[in-house]
Amino acid sequence: MDVLLGTILGLVGIGALVLSVFVFRRAKRVTAATLAEQEEMRQRMYELAILKEVGDRIGYSLNIQKVADVIVGSLNQFIEYSTASYMILGPEKIAFRADIDKAVSHAFLDDVKQRMRLSLAAILDRDLGKVPLEETVTGAILIEDQGTSVQSFFNIPLVIAGNAVGVLTVAHTKAGLYKEKEMTMLYKIVGQASQAITQLEEVVTLERGKLQAMVESMQDGVLMTDTGFRVLVANSALRGAVNIPLGRELTIFDIVDACGGVLDFKGRLEESIKLDRTFVAGEVNLSGSIYQVFIFPVKSATAQGLGVLGGGVIFHDVTRERAAEKMREDFTSMMVHELRSPLDSIKKIGELLRTPSIRDDKASYDEYMGMVYQSASNMLELVNDLLDVAKLEAGKFQVQKKPTSIRTTIEDRVKFFDAQARNATIKLDFAFDGHVPDTLMFDPVRISQVLSNLISNSIKFTHPGGAIHVHALLHTQGRSINEEVTQAGLSWFVKDAEEKFKDLPNCVVVSVTDSGEGISSENLPKLFNKFEQFATSARSGEKKGTGLGLVITKGIAETHGGFVGVGSQEGVGSTFYFTITA
Amino acid sequence: MKKILIVDDDKIFAKILRDGLGVERKDVYEVTAVHDGEEGLAKIQELKPDLVVLDIMLPKITGIEILEKLKEEGVSTPVLMSTQIADLEKISRVVELGAKGYIIKSDYSLEHIIRQIDEILK
């Protein structure tokens with residue numbers, strides 16, 4: 001028992017001893033940790049101060065050499081060295097700068113240079129044997145002391161945007177320097193500087209890219225030359241105009257050639273650069289387009305004031321403007337003709353009817369009266385159309401919506417044109433889907449006008465023996481219009497309907513489909529445009545009316561909150577439709 | 001009496017010209033008018049007119065096509081073309097095909113046309 005007790009007591013004693021040692025050690029470790037933390041804090045503060053100073057001094061420089069200058073110039077504040085130096089590879093030379101803190105020998109510096117060259121070559125993976133050095137040495141003087149050899153040496157690569165561009169080195173005559181602490185510090189400084197430059201470069205590249213993208217995507221041709229007429233900038237619009245594809249060298253002579261005898265391009269550019277003057281140099285016809293050419297000096301603010309960097313040229317594409325002017329002229333001349341021709345006829349009829357032989361011929365007299373009536377009606381219709389178009393263009397077109405039966409409105413119009421269709425031996429009929437609500441909110445006079453326009457157009461363009469079908473169906477939101485049309489058993493030439501009806505609320509679709517000559521896909525989009533339609537029929541010399549009817553039709557449908565559409569298959573037929581909100 | 005054939009789908013113009021000639025040149029010219037190209041071509045062959053007043057744009061067969069056909073067949077009947085608007089391209093084409101002159105219908109004077117006809121038929 002005693003032995004056991006003694007053993008237990010002994011064990012307790014040992015335990016207590018172990019515990020006390022453990023507690024003591026732990027206490028000591030805590031003190032050491034606190035001290036280390038304090039030291040680290042101090043170190044961090046110091047690093048931050050240095051980094052801030054280096055950062056301030058670097059500022060927003062994009063020049064790595066300037067930044068390396070600053071770093072080398074600041075290092076002596078926190079790291080001990082005999083020489084701090086950098087090597088940066090330029091296009092033709094290696095820039096080398098060394099700051100000597102403590103006098104060293106030529107041999108020391110040569111050794112540093114040799115080591116730096118080797119590591120630079122290794123980093124860049126290039127043979128730098130023949131690339132000359134451009135040296136700058138500052139600080140303490142060089143001495144002829146054999147005792148100063150390189151004992152400590154530390155080397156950091158300079159990396160910008162992932163590419164090594166040079167090395168930064170500290171060297172000392174004393175051995176055993178440059179431990180982890182110094183190295184970490186150097187890495188941080190160089191790392192931060194590299195990062196700053198990299199980010200700046202990204203920003204500049206992005207901004208330059210934006211500018212380039214803008215110039216590149218301009219519709220106008222843009223060219224810039226230096227004062228020696230070498231092309232500095234030429235965007236694709238310009239290359240397109242003078243027909244020089246990307247990748248082929250473009251010179252000022254390509255432009256001179258393209259402008260031919262029309263424009264003394266080089267003379268004007270020379271004048272512009274020398275006399276600092278801007279010219280509107282006239283218009284040239286290039287690759288099927290008309291360009292107005294502006295020539296101006298490109299200036300930049302320098303310390304000496306405004307300096308001319310070169311010449312700028314803009315080829316402003318005025319093809320569309322000229323075409324629009326032509327169309328307006330065509331429109332005006334057609335209008336004049338459409339109004340003058342019947343007026344002229346009425347005047348001549350008046351003259352002829354003063355001749356007794358004609359006046360007294362009953363049949364002839366009646367025929368002339370019919371012609372006077374027809375001419376006057378046509379003119380009145382034209383004047384009304386012109387007024388409608390003017391109102392539409394001024395945004396003053398109004399409709400008087402009231403609850404009206406769409407069925408009766410359509411029926412009435414179909415009946416009205418029945419005789420005309422029959423005369424032309426064209427079958428005209430209409431169908432009305434059961435789901436279509438009978439009463440809708442619309443202006444009966446205006447919707448009748450739309451139906452009249454569409455039906456009379458169809459009669460005009462359908463050959464004898466053909467057919468015209470007027471149809472009303474209900475489009476339900478979310479359903480496919482093509483399916484609905486198929487379900488209604490309707491023949492319909494519209495190809496782009498699905499997209500237009502997507503997400504559209506319920507509406508009634510009234511369509512007029514004919515078996516006429518159809519419309520080419522090229523002319524389809526022009527149908528609802530006043531000038532275009534007019535110009536087209538004027539050019540072809542076809543007597544197809546003024547084309548104002550469709551412009552008004554579109555306006556009426558849109559003022560009702562709906563829209564018009566068309567589709568056609570040449571030689572087979574066309575479908576015109578409009579929608580009314582259900 | 002010399003025979004004049006008017007081929008024009010503009011019925012007002014055709015009638016005014018026919019009646020105008022009837023009044024101003026009664027017993028000088030005998031005027032017939034038809035209103036499409038097919039009829040026009042048939043009438044030219046049937047009537048053998050001394051002068052044709054021919055519209056450039058006509059239903060069925062255009063005036064230019066008729067003119068080409070006449071030239072092809074060696075028919076030397078003088079033709080005065082009429083056109084709705086002054087389209088230089090078309091006018092130069094018809095002059096090339098041997099038309100003796102042209103009338104711009106949007107701006108014509110009856111007197112002037114009659115003088116033109118007299119000139120050709122004198």
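Working value for region A:59-206: equivalent-ellipsoid semi-axes of 25, 18, 13 Å, each the square root of 5 times a Cα gyration tensor eigenvalue, largest first. Helical content alone sets the calculated 222 nm signal of chain A at -17000 deg cm²/dmol, taking -39,500 (n - 2.57) per DSSP H segment of four or more residues and averaging over every residue. As a proxy for reagent exposure, ranking B:THR32, A:THR173, A:THR553 by other Cβ atoms within 10 Å from fewest up yields B:THR32, A:THR173, A:THR553. Our analysis of region A:431-487 gives Rg over Rh at 1.03, with the two radii drawn from alpha carbon positions and Rh computed by the Kirkwood formula. Each pair of Cα atoms in region A:218-317 enters the Kirkwood radius, and Stokes-Einstein at 25 °C and 0.890 mPa s then converts it into a translational diffusion coefficient of 182 µm²/s.
Global size of chain A: 44.7, 167 Å for Rg and Dmax (C-alpha atoms, Rg to one decimal, Dmax whole). In summary, region A:398-581 shows an alpha-carbon radius of gyration equal to 0.97 times the 2.2 N^0.38 Å reference for compact globular proteins. The share of C-alpha pairs in region B:37-122 whose separation exceeds 15 Å stands at 55 percent. Quick one: angle between helix A:64-74 and the longest Cα principal axis of chain A, in degrees between 0 and 90, rounded to 10, please. So the helix axis and the longest Cα principal axis differ by about 30 degrees. Across region A:276-389, the relative contact order, built from alpha-carbon pairs under 8 Å that are at least six residues apart, equals 16 percent. With a threshold of 28 Å on the Cα-Cα distance, the over-threshold entries among A:LYS326/A:LYS401; A:LYS93/A:LYS174; A:LYS391/A:LYS427; A:LYS52/A:LYS102; A:LYS66/A:LYS274; A:LYS402/A:LYS554 are A:LYS326/A:LYS401; A:LYS93/A:LYS174; A:LYS391/A:LYS427; A:LYS66/A:LYS274.
With neighbour counts taken as other beta-carbon atoms within 10 Å, the residues B:ILE16, A:ILE252 rank, fewest first, as A:ILE252, B:ILE16. Structural descriptor for chain B: relative contact order 23 percent, calculated from alpha carbon pairs under 8 angstrom and at least 6 residues apart.
Going from the residue with the fewest nearby Cβ atoms within 10 Å to the one with the most, A:PHE96, A:PHE578 rank A:PHE96, A:PHE578.
Rule-based calculations on the coordinates, nothing more; no lab input. Bear in mind the structure is a predicted one, so any value in this text is a computation, not a measurement. With ideal geometry, Cβ positions are generated from the backbone for all residues, glycine too; neighbour counts draw on all protein chains shown.
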